[in-house]
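Notes to accompany the following structure.
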Amino acid sequence: MSNTRHPHPNGEPRASQSDGRPGRNFNVVVLRQDGPGRPSYWERHIVEYEQDMNCISVLQKIAANARTADGRKVAPVAWDCNCLEEVCGACTMVINGRVRQACTALVDRLLQDNPEQIELRPMRKFPVIRDLMVDRSRMFNTLKKLKAWVPVDSYLDMGPGPRQSQENQQMAYVLSKCMSCGCCLEACPQYLKIELERKEGETEEEFHARERELHDRAFIGAMGIAAVDLFNTNPVGRMTATERLDALVAEGGIQICGNAQNCVKVCPKEIPLTTSIARAGRAATVHMLKRWFDR
Amino acid sequence: MARHRVIVVGGGLAGLAATMKLAELGVDIDLFSLTPVKRSHSCCAQGGINSVNSLTRQLGDAEWKHFDDTVYGGDFLAHQPPVKEMTEWAPRIIDLMDRLGVTFNRTPEGFRDQRRFGGTLFARTSFAGATTGQQLLYALDEQVRRWEVTAHVKKYECFDYLGPILDENGVCRGSIAQDMVSMEIRAFPADALIIASGGCGLIYGRSTMSMACTGSAVSRTFQAGARYGNGEFIQVHPTAIPGADKLRLMSESARGEGGRVWVPRKPQDPRPPQDIPEQDRYYFLEERYPKYGNLVPRDIATREIFNVCTKEGLSVENDRLCVYLDVSHLPRQLLDRKLAGILEIYEKFQGVDPRATAMKIFPAVHYSMGGLWCDYERTAEGGLNIGSPRNQQTNIPGIFAIGECDYHYHGANRLGANSLVACIFSGLITAPGAAALVQNLNGRAAAELPSTLYDRETQRHLARYKELLARPHDGENPYLIHRRLGDVMTKAATVVRHNDELDWACEQVQDLEDRARRASLSDTGNWTNQNVIFTRALVDMFPLAKTILKGARLRDECRGAHYKPEFVFPEIHATDPVQRRLEAEAWCDRFVENNRRWLKSTVASWSAEDREPLITYEDVDTSLIPPRPRLYGMVGGDIIEQVWRERGVREEAAV
Ligand SMILES: Cc1cc2nc3c(=O)[nH]c(=O)nc-3n(C[C@H](O)[C@H](O)[C@H](O)COP(=O)(O)OP(=O)(O)OC[C@H]3O[C@@H](n4cnc5c(N)ncnc54)[C@H](O)[C@@H]3O)c2cc1C
Ligand code: SF4
Ligand code: SF4
Ligand code: FES
């Protein structure tokens, strides 16, 4: 980390006690960044302990207080959240070195593991917008590239969808809980950050088109592979499986996966990503062979 | 000729359904949302979505009964034609969502499985585990992404809608929005504007809702002249987990699958719940409502829980109000297959496994039945004329309202699993109406209008933004004002309402508004400034807060979620049959008289000069199902129902 303003943690004042017992204060260090391309720096805050806190309520307290541990008035830390119950995927960040959702990161639990302090930093695989907020639009571009939808004819009334076994439903349900949180991508050694700057004179449209093109060539990640698996097992999605398989084996496809299995360990929705990767891998191999024979 | 465009504000179920259908009809859409649409609040919905289905049909169910349950559940305050049409569409909506890939739970034979929900005796609720809203939202999100790829839809995610743009005739010509990253404020020309911005739970501080549910988009449209209906009807859900930052919902599906609500008969019995034997438990809902049991409608369950804790002093804990919601008697395999999503939430936040130990829950603010007033076009048969631009259109020409932020469908109380269907329905039917409106515009498309109108509005909003940034630094903290607002609203305008408390709350809220309008920002930068977005949303909470309070203050009766003890009809206490009948007759007379006075929608419009809502009342279309006492087979209520039935027979004979 060449561009940190303070080496971390430095000699700023600390909360006297941080064993997480009621009435005590604890330390929170945040890796901040004022905007894209700006240097990042650590900042220490002292937060008053309350019962039932999670990292969102910690950040709310920091926002309400807006002062660092050494009493400097600072702008509140920027972060993303919405549902506060680990279902929207907005609040992903790296907490004490582990990528996870801030809303389910309970303070009591964190202080048990490390009574010294709680450390918050933004995900490393996505461009920082500000502080703990990152731009994850690449994930949504991946879903476009993979045609991750059921291609119905129309929204008119055509009766129910196909009947499905309980087993099939259970499998699909697990996969379709993916909330695009990005944990699996953050943990993956093969998933590399893409950050580009808007060129002078470039319109917003041109910039996004250029970005989209880069995203389309880069690794789709475990979440993308699982999406192909989901839609290619859907009875209607299966009818256009070839299109998704083409994308799966194209540049940035499944061949990049080194099978490190980090992804499955961090997925908060416990999606069996490595099973999906194996299944999709087999489908991809068959698809390649078929393409080769069809030539 | 320039192509017509429609703006949709909100990418929850309602906004996405409208967007997808409009795209299919060949209209281009600009879609705005505070968050990436996939992260919209609809993903929190847990329990399911209602419709009549082949199984319930064979037990005697029909669309008319779903319609009847909905208007009865809503204490007859909903206009009936939209509700009737919705319940008729509901089975087709579930079919459509099924085709779009929603992973609904299945029976062993491969059909969609259904569970029972509150306020009905039929198992009408389709579900995908206990994360149905998430699954429905994702299916629509995927379809809209498909239209994004073909350039029919342009998404503006992380944009804050600041208000509509009206021309000199008061017709909507677009909207203003701010990019929440770059903070740029821009005008977006459009020929119609659909508001689908969801609920306003954050006015109450903590609720079961998401952080984006501030009501800001609705308030800004209201302040621009749109009317607001039935503001005082706020649903308090009976079962939520008390928490410091949010009151997380424990879905009605827990009771739908057999969960039971109880308290120890001995106040604050210190034994762990699993050690308290059956005879020492008080299943108060089952005892008082043997017919519906734990599945009485929400307003009733909430009041009973509230009363058992406050009046009867039977709260499970000493220093905190809560009761038990127990699923520990149900087979683990069923719990894991059907309720895992919500049980995991309890386990994650409380550190206790609800499969083994009863959960501790208490009511929490959950849903707004009220919302932007909007119109409909009725057919002779009492349904809606689909394709009419009047459907869901507000009183401002060109502005529509759909989803939780409109005032239709639920009357004075919403039944569980009826919101998701109302959201998708209102989105789907608004598309052809809005398409007809923009395609038959006589006059120029917004894109061809001179830029002066748009420049003027942009400047006005820019000035407001600059004023916020330039405020002196020594003012009050907006986050603390928000907390106080939440406390006041929760105290005065939730389960039990008293006029003196409402008067007190009106004063408090006025004071807080004055303070919020002077509050200072701790961030005055011009990049991703969340402080600005929050403070502006806070300031815009006050018009809605005042509308809720004033509507509640003026409505001197009990109806659905609005409950004033002062106006409760006395229960029938007499044991002598003649006396009982007399009391029941008097009860019914009073019921008729009260409906004459109060069976009316509250309609508010905003007075910018006084910074107060002006309240008027509107008759409710109850032409299809006449109002009747809403007792849900309560013990002791049978005589009233009997007298009421006999009156009906006499009236029919007279006709
Ligand atoms: C915990 C919970 C569980 C529930 N479970 C069920 C259930 O099982 N069954 C059921 O029928 N109902 C349920 N409900 C109710 C139901 O989920 C909601 O009523 C419904 O999802 C609302 O959908 P919507 O499309 O109207 O709005 P939302 O999903 O709330 O979406 C609102 C959209 O508007 C956008 N927006 C808001 N303000 C602005 C602004 N200023 N500028 C730009 N965009 C803006 C937001 O970003 C978002 O995209 C539940 C509710 C809660 C809280
Ligand atoms: S298994 Fe593949 S996708 Fe998962 S972390 Fe490893 S390389 Fe990444
Ligand atoms: S697969 Fe899991 S970790 Fe990856 S984005 Fe989806 S929910 Fe998050
Ligand atoms: S806020 Fe939605 S996942 Fe944390």
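The values are calculated or read from the model by the stated rules, or taken from the named source; none is laboratory data. Remember, predicted model here, so these are calculated numbers, not experimental data. Every residue, glycine as well, gets a Cβ built from its backbone with ideal geometry; the counts of neighbours run over all protein chains shown.
Quick rundown of the values:
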| read-out | value |
| --- | --- |
| Subset of the stretch A:59-99 that is among the basic types (Lys, Arg) and either in a loop (DSSP other than H, G, I, E, B) or more than 12 Å from every other protein chain (Cβ to nearest Cβ) (or both) - its residue that is farthest from ligand 2 (Cβ to nearest atom) | A:72 |
| Which numbered condition residue B:274 fails, given (1) under 29 Å from residue B:207 (Cβ atoms); (2) touching a residue at least 24 places away in the same chain (Cβ under 8 Å) | (1) |
| Test set (1) crowded, with 18+ Cβ neighbours inside 10 Å; (2) touching a residue at least 24 places away in the same chain (Cβ under 8 Å); (3) not aromatic (Phe, Trp, Tyr) - residue B:356 fails condition number | (1) |
| Search result, residues across the stretch A:100-109 that are away from ligand 2 (no atom under 16 Å from the Cβ), touching a residue at least 24 places away in the same chain (Cβ under 8 Å) and not in a loop (DSSP other than H, G, I, E, B) | A:101, A:106, A:107, A:108 |
| Spans of helices (runs of 4 or more DSSP H) in the stretch A:180-295 with at least 2 residues at pLDDT below 95 and either within 16 Å of ligand 1 (Cβ to nearest atom) or over 19 Å from the mean Cα position of the chain (by Cα) (or both) | A:204-217, A:273-294 |
| Subset tally (residues that are more than 10 Å from chain A (Cβ to nearest Cβ), more than 21 Å from residue B:414 (Cα to Cα) and not acidic (Asp, Glu)) for the stretch B:13-55 | 11 |
| Hits in the stretch A:147-188 - residues which are within 16 Å of ligand 4 (Cβ to nearest atom), closer than 21 Å to residue B:40 by Cα and hydrophobic (A, V, I, L, M, F, W, C) | A:178, A:179, A:181, A:183 |
| Selected residue (criterion: nearest to the other protein chains (Cβ to nearest Cβ)) from residues of the stretch A:24-58 that are over 24 Å from the mean Cα position of the chain (by Cα) and of a type in the set (S, T, N, Q) | A:51 |
| Identity of the residue in the stretch A:142-158, free of Cβ contacts under 8 Å to residues at least 24 places away in the same chain and among the aliphatic types (A, V, I, L, M), that ends up farthest from the other protein chains (Cβ to nearest Cβ) | A:156 |
| Selection within the stretch B:461-494 - crowded, with 17+ Cβ neighbours inside 10 Å and under 25 Å from the mean Cα position of the chain (by Cα) | B:479, B:481, B:482, B:484, B:485, B:486, B:488, B:489, B:490, B:492, B:493, B:494 |
| Test: residue B:308 is outside any helix (DSSP H, G or I) and touching a residue at least 24 places away in the same chain (Cβ under 8 Å) | no |
| Evaluation of residue A:129 against (1) over 17 Å from residue B:138 (Cβ atoms); (2) within 8 Å of chain B (Cβ to nearest Cβ); (3) assigned to a loop (DSSP other than H, G, I, E, B) (one fails), failing number | (3) |
| Conditions (1) more than 30 Å from residue B:477 (Cβ to Cβ); (2) surrounded by 13 or more Cβ atoms within 10 Å (Cβ to Cβ); number of the one not met by residue B:538 | (1) |
| Qualifying residue in the stretch B:575-594 (condition: farther than 23 Å from residue B:495 by Cα and outside any helix (DSSP H, G or I)) | yes |
| Options B:206, B:281: the member that is at pLDDT below 95 and over 15 Å from the mean Cα position of the chain (by Cα) | B:206 |
| Residues within the stretch A:112-126 that are within 14 Å of another protein chain (Cβ to nearest Cβ) and modelled with pLDDT under 95, tallied | 1 |
| The stretch B:123-146, residues that are among the hydroxyl-bearing types (Ser, Thr, Tyr) and either without any contact (Cβ under 8 Å) to a residue 60 or more places away in the chain or within 11 Å of another protein chain (Cβ to nearest Cβ) (or both) | B:126, B:131, B:132, B:138 |
| Top-ranked residue of the stretch A:93-149 - restricted to ones that are among the basic types (Lys, Arg) and within 13 Å of ligand 3 (Cβ to nearest atom), ranked as surrounded by the fewest Cβ atoms within 10 Å (Cβ to Cβ) | A:98 |
| Residue in the stretch B:238-260 that is farthest from residue B:543 (Cα to Cα), counting only those that are away from chain A (no Cβ under 14 Å) and touching a Lys or Arg at 6+ places or on another chain (Cβ under 7 Å) | B:257 |
| Of all residues making up the stretch B:147-162, the number that are within 13 Å of chain A (Cβ to nearest Cβ), touching a helix residue (DSSP H, G or I) at 6+ places or on another chain (Cβ under 7 Å) and in contact (Cβ under 8 Å) with a residue 60 or more places away in the chain | 4 |
